[in-house]
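The values are calculated or read from the model by the stated rules, or taken from the named source; none is laboratory data. Fair warning: this is a prediction, and the values are worked out from it, not measured in the lab. Cβ placement follows ideal geometry from the backbone for every residue including glycine, while neighbour counts extend to all protein chains displayed. Remember, those area values only see protein heavy atoms, side chains included, never the ligands or the DNA or RNA. Shrake-Rupley method; radii C 1.70, N 1.55, O 1.52, S 1.80 Å.
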Amino acid sequence: MTMKAGTKILAAVIAVLIPSAVFAQKWEGLADTPQMGWNSWNKFKENINEELIRQTADVMVEKGLLEAGYVYLNLDDHWHGERDVQGFIHEDSLKFPSGMKALGEYLHSKGLKFGIYSDGGTMTCGCQPGSFGHEYQDAYTYASWGVDYLKYDWCNHKDINPKGAYRLMRDALRASGRPIFFSMCEWGSNKPWLWAEEIGHSWRTTGDIGCSFVEPVRHYNEQGINDWTEKSVLMILDLNAPLRQYAGPGHWNDPDMLEVGNGMSVNEDRAHFSLWCMMAAPLLLGNDLTAMSDQTLAIITNKAVIAIDQDRLGIQGLRHSRRGDIEYWFKPLENGDWAFCIFNRGLEDTEVEVEWQDFCFTDSISGMSTDFDTITYRGADLWDDEAPLITTASPLKLTVPGHDVKLYRLSESTGE
Ligand code: GLA
């Protein structure tokens with residue numbers, strides 16, 4: 001028998017003995033709708049510690065964020081200490097003196113879930129210890145701390161195969177015995193939407209977001225060289241919008257965390273939040289919850305808008321058309337409803353007139369049709385409780401302020 005034939009027989013025997021490898025599947029049922037929570041990165045970068053996390057947890061409960069659906073509290077980069085001689089990772093004990101297990105217990109006692117961050121390479125993007133070569137050990141450690149969510153980044157990976165690296169961590173999480181949400185963060189570099197449905201619960205589709213609506217945010221090093229650039233809301237929107245066919249229950253496109261409350265105008269915050277909901281994006285708050293304005297709180301807890309994001313059909317909305325700076329977005333919802341969003345990309349307030357017949361179409365992904373020629377819908381303005389209901393029985397005329405949206409939930413009119 002040749003070596004090659006011998007290897008094939010061995011492979012066949014292993015395949016029979018270990019049917020489809022026991023652990024070779026992700027945890028199911030963790031992402032029926034896009035994940036919601038808070039993450040430390042956008043606002044705090046490396047400046048995180050136990051006190052901030054505990055205070056954030058308290059606010060999430062006191063201000064009704066948990067009740068609105070934001071259940072994950074996720075530590076991003078820079079929680080790490082060092083590996084011990086056996087290779088086990090530890091927290092930075094100056095930042096987290098009570099330890100991660102105690103922190104996890106605190107979060108759980110509040111009804112929250114505990115998220116943590118690592119990287120498939122040797123170091124994270126912030127040069128902390130990565131999980132390369134320690135995948136099973138780290139997954140075991142996270143499970144022992146009560147971790148419920150892992151964001152897994154892609155810096156310092158020395159050209160290892162991304163599919164292999166992410167599968168390996170998926171298997172390690174599975175083997176840990178604790179259901180842990182797996183948030184893949186390789187920025188869309190390897191088109192994960194084409195191969196990661198069986199690996200992660202969500203995958204980043206773009207590079208990092210910055211707190212800017214139109215222009216990218218450039219960062220310069222000490223030599224004055226632009227070494228890092230964050231994308232604007234509009235840039236990310238345009239990258240994520242065409243990927244709608246790849247998202248669905250259990251596996252979401254992730255256009256990065258929210259910048260609401262971090263310094264854009266209230267119109268821009270509202271538009272950003274609405275569009276992320278139209279795209280069935282993960283809703284991961286990225287602002288300082290301990291010091292936010294009532295206006296910010298009102299945006300991120302708008303239940304009717306969140307319901308668009310969390311709709312059980314799980315269909316990412318589509319950009320139907322664009323006329324000048326005005327975009328028309330639709331998202332099919334449960335019970336034959338539609339979310340309808342008019343987005344003004346420009347700075348000028350713009351008058352629009354909607355002839356509903358222009359928007360008769362069948363969505364190729366959900367198979368749902370708007371049927372505006374045969375069905376009359378009524379719609380509530382989701383950002384203005386006092387506005388009268390609109391009806392598709394007559395054209396809609398309105399002004400959309402610059403960098404803002406009008407957002408409606410259209411339901412079939414029962415004629416009452
Ligand atoms: C990458 C990720 C960010 C954040 C940082 C942390 O840039 O894309 O979301 O996690 O790393 O260093």
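The table that follows gives values for the structure above.
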item: Index of the failed condition, residue 104 passing every other in (1) of a type in the set (Gly, Ala, Ser); (2) within 16 Å of the ligand (Cβ to nearest atom); (3) not in a loop (DSSP other than H, G, I, E, B); result: (2)
item: Counted residues, the stretch 177-204 - those being open to solvent by 10 Å² or more (accessible area, probe 1.4 Å) and within 16 Å of the ligand (Cβ to nearest atom); result: 4
item: Total residues in the stretch 87-107, condition in contact with a strand residue (DSSP E or B) (Cβ under 7 Å, 6 or more places away or on another chain) and surrounded by fewer than 20 Cβ atoms within 10 Å (Cβ to Cβ); result: 4
item: Pairs with Cβ under 6 Å, 6+ apart, first in the stretch 202-219 and at pLDDT 95 or above and assigned to a loop (DSSP other than H, G, I, E, B), second within 13 Å of the ligand (Cβ to nearest atom) and among the hydrophobic types (A, V, I, L, M, F, W, C); result: 206/236; 207/187; 210/217
item: Selected residue [more than 16 Å from the ligand (Cβ to nearest atom), touching a strand residue (DSSP E or B) at 6+ places or on another chain (Cβ under 7 Å), within 17 Å of residue 187 (Cα to Cα) and open to solvent by 10 Å² or more (accessible area, probe 1.4 Å)] from 243, 234; result: 243
item: Residue that is in contact (Cβ under 8 Å) with a residue 40 or more places away in the chain, more than 27 Å from the chain's Cα centre (by Cα) and open to solvent by less than 40 Å² (accessible area, probe 1.4 Å), where the choices are 361, 372; result: 361
item: Test result for residue 343, among the aromatic types (Phe, Trp, Tyr), in contact with a helix residue (DSSP H, G or I) (Cβ under 7 Å, 6 or more places away or on another chain), at negative phi and part of a strand (DSSP E or B); result: yes
item: Unique residue being open to solvent by 40 Å² or more (accessible area, probe 1.4 Å), modelled with pLDDT of 95 or more and closer than 23 Å to residue 75 by Cα when the list is 280, 298, 291; result: 291
item: Residue that is farthest from the ligand (Cβ to nearest atom) [pool: residues in the stretch 142-158 that are assigned to a helix (DSSP H, G or I) and open to solvent by 10 Å² or more (accessible area, probe 1.4 Å)]; result: 144
